[in-house]
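The values are calculated or read from the model by the stated rules, or taken from the named source; none is laboratory data. None of the values given here were measured: they were computed from a predicted structure. Note that each Cβ is placed from the backbone with ideal geometry, even for glycine, and that neighbours are counted across all protein chains shown.
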Amino acid sequence: MSHEPVITKHGPCFIPASAPNNSGKVDREVVAAASRKAAQRDLALMRALNSATPVVKPELVLRKPILREDYFEQATKLDEAIYRRGVAIDRDRLLELGREWFNQLLVADREARAFQRVIGTRRDLSSWPTVYLPFAQTGALSQIPVPPRKQYEQLYGINKEIDSIREVTGFVDLWKFGRAQPQAIQAITAFHDCFATLMLGQSMLKRISDYGRLRSRFFTGGHGAKAERFHQWLSAVDKGHTTIRFNNALQAAVFWLAGETSEPPDLLDLAREYSNTRVPSKADIKFAQAVLDGFLLNHKGWSLWQFVGRRTQALPYDQLLQICSGRLERRFRRVQFFHHEVEQCFWRPVGNHNELDLTAWRGFINRVVNDLRDCVSSLAALAVEESGATVTARFQNSLLCESEPNAQLVDAISEKLGAAFPRVAFKVTIEP
Amino acid sequence: MKTLVVLGHLQVGDQLFKHGEELPPDLLPVEAINLHLDHRQLVEYDSNERRSLYRLFAPFSGAKEQEQLAKEELTAYTLPP
């Protein structure tokens, strides 16, 4: 028997896809593919070596108001009582007011239709898609002052917020077209304000009970633009009502949270400073209020630009905003530091780096501040009830009471708020 | 339902309507409306194209017919229950 080993010879393991050429040179495509694979391997190695350092999230302990043990029970009971009472509305006066607002709506419609280049006869000014279309067709989208994200920003996922800021999503963002058609924008905004106010008034009219009372859960903590619009209908509320306003609720709540001890800003002084005038107009004061509120909620850059624009419904000058917010940051260091501390808790590792979770962060700040403002409003309502008056509607910024205006109410509210939020001054005013 | 819109200028009694303004639905009889439509002094749009403000706010305008608001509008602008 032969014991010679059987040796099998294998060919090369890498066989080029294309047929080997006789010259012995490798095809360019094969080289490119091999190069790509090598680059991917290197990139994966570098990513593995430079993985994100684990974020050390600081423990966030927020201040809490000093409340009585039965506060939540009392506040819930009072809200239920407010809902059951309802607001006394004079139906005839409401109808009369509605007719006045309807005439204003027709005037606003006529003025808006004067801009025929943008708004034709066919356009329904109350519908957002039909208003948006002519502006988009005339190139207004390209005149939004926010620059689009650069390629490297898109590649690395930087400044994602810019994309949403550049969007024009509804009547609330119509001012972003202000560079293209400023007068038409102003006219349509005025029309839409009238339209929304009338819709609220009409829904109020439909819901008045036979006893002349209007009941809604909105009267137990309502806020936002709708609450402001309700105040346009206040003259339809039966006589003997008083409005109590908390003018600086947001500022006081954030100052208290941050432990800011500096002198609170005077709105009129801020408006004078920003507008460089001795007697600032209503628009200047509104602008100053919007900038201050934006700073308190930690809006910066284009985010502040959007916040102020939505509040004032006018195109803000971005460089002026930078100067204004910079001054506020230098003046109220503790507020700045507080927001920085909160921000640290919302960084999360993404791939080989850390990113700020903007949605969660903004949501958290808004929720905390809203809860505090709601608490302020509830405490004030409880103080009013304890002093013998009757609260018929409770909004985040104001109360509606069935009583004659008197200074004792202000004292009772200030005392109650002072006990819950020590060393913070709330400005409480009474309007008949 | 149709929305009547003025083209150019139109005077009805003491009231003067400018270009693009809506004509109140119950202001003129059908014959007069048809005449104005034939003379291109009025144009009518379907309510899904341009809604009538008079019919949307019938309690305040005094219009006999009513037009419904969209669901999103009711949620966004009216008083919740």
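Here is how the numbers come out for the structure above:
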| read-out | value |
| --- | --- |
| Filtered residues of region A:74-119 (kept if more than 11 Å from chain B (Cβ to nearest Cβ) and of a type in the set (Asp, Glu)) | A:ASP79, A:GLU80, A:ASP90, A:ASP92 |
| Pair list, Cβ under 8 Å, 6 or more apart: region A:296-321 residue under 22 Å from A:GLN186 (Cβ atoms), other residue of a type in the set (Lys, Arg) | A:GLY309/A:LYS176; A:ARG311/A:LYS286; A:THR312/A:LYS286; A:LEU315/A:LYS176; A:LEU315/A:ARG179 |
| Filter result for A:GLU263 (surrounded by fewer than 19 Cβ atoms within 10 Å (Cβ to Cβ), of a type in the set (Asp, Glu) and not in a helix (DSSP H, G or I)) | yes |
| Residue under evaluation A:MET199, criteria (1) under 19 Å from A:LEU358 (Cβ atoms); (2) assigned to a helix (DSSP H, G or I); (3) within 13 Å of chain B (Cβ to nearest Cβ), criterion not met | (1) |
| Among (1) touching a His at 6+ places or on another chain (Cβ under 7 Å); (2) at pLDDT below 90; (3) surrounded by 13 or more Cβ atoms within 10 Å (Cβ to Cβ) - the single one B:LEU42 does not satisfy | (2) |
| Test: residue in region A:411-421 that is under 30 Å from A:LYS300 (Cβ atoms) and in contact (Cβ under 8 Å) with a residue 60 or more places away in the chain | yes |
| Selection status of A:ASN366, in contact (Cβ under 8 Å) with a residue 40 or more places away in the chain and within 30 Å of A:LEU45 (Cβ to Cβ) | no |
| Count of region A:308-363 residues which are among the small types (Gly, Ala, Ser), part of a helix (DSSP H, G or I) and surrounded by 17 or more Cβ atoms within 10 Å (Cβ to Cβ) | 2 |
| Test for A:LYS64: is it of a type in the set (D, E, K, R), surrounded by fewer than 13 Cβ atoms within 10 Å (Cβ to Cβ) and away from chain B (no Cβ under 14 Å) | yes |
| Residue in region A:120-143 that is closer than 15 Å to A:ARG310 by Cα and within 22 Å of the chain's Cα centre (by Cα) present | no |
| Helices (runs of 4 or more DSSP H) contained in region A:85-186 and holding at least 2 residues of a type in the set (D, E, K, R) and surrounded by 15 or more Cβ atoms within 10 Å (Cβ to Cβ) | A:91-113, A:161-166 |
| Filtered residues of region A:120-142 (kept if at the interface with chain B (Cβ under 9 Å from one of its Cβ atoms) and either over 25 Å from B:LYS71 (Cα atoms) or free of Cβ contacts under 8 Å to residues at least 24 places away in the same chain (or both)) | A:GLY120, A:THR121, A:ARG122, A:ARG123, A:ASP124, A:SER127, A:THR130 |
